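What follows is calculated from the coordinates using simple rules that are stated; it is not laboratory data. Quantities reported herein were computed from a predicted structural model and do not represent experimental measurements.
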Amino acid sequence: MAAENFGQKPRLLMAAICERAIVGSDNMLTIVRLIDVVTVSAVAPADEMAAAIASLGAPVQGTLVLVFKGGEVDATHQITVVAHTPTGDVHEFPKIDSVFGSLIPGAVPGSNAVVNLQMSIKREGTYWFEVKLDGETVTAVPLEIVFQAAEPPASLETTEAQ
């Protein structure tokens with residue numbers, strides 16, 4: 001394939017989960033703290049912890065950052081993110097219609113997408129975030145959720161009366 005053909009259709013440049021992403025006034029991205037594992041802690045005996053978290057759900061937040069390059073200037077493409085849980089459940093996030101562009105005339109056009117991942121986690125395991133461009137899967141990004149028992153704060157421990 002000749003080098004000039006690489007930009008004919010949009011290509012995924014980056015897909016990552018981070019704590020947060022800042023989009024500057026110049027549309028430049030700052031990615032804060034890349035993550036691929038989240039530890040969820042609960043004050044419960046180890047053998048009861050998974051059931052305790054499953055009954056309530058643990059809030060987990062993150063940001064999925066997607067960067068595409070290539071294609072035509074001013075072309076609109078649809079970005080879809082689909083979450084796949086360890087149990088096989090599927091959740092589709094709202095679709096994003098993204099216009100590819102460039103601030104520099106003649107440069108390769110591109111587009112950034114920032115997707116807030118606010119979830120109520122009930123199971124540990126690997127959660128996959130499938131990324132589609134115009135209905136075609138371009139990648140999938142994993143996020144591992146691990147449950148861990150936490151020690152109760154000293155103020156919650158009971159003491160015996162003397």
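Numbers at a glance
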item: Range of Cα positions in the chain per principal axis (Å), largest first; result: 81, 34, 26
item: Extension gain from Glu151 to Thr30, taking 0.36 nm per residue of separation minus the Cα-Cα distance; result: 40.0 nm
item: In order through the range 60-72: 3J(HN,Hα) via Karplus (6.51 cos²θ - 1.76 cosθ + 1.60), integer Hz, x for Gly, Pro; result: 10, 10, x, 9, 9, 10, 10, 10, 10, 9, x, x, 9
item: Theoretical ellipticity at 222 nm over the chain - DSSP helices of four or more residues, -39500 (n - 2.57) apiece, nearest 500; result: -2000 deg cm²/dmol
item: Linear extension gain, Arg20 paired with Gln78, 0.36 nm per residue minus alpha-carbon span; result: 18.6 nm
item: Amide H partners (placed H, <5 Å) of Met14, local residues excluded; result: Val67
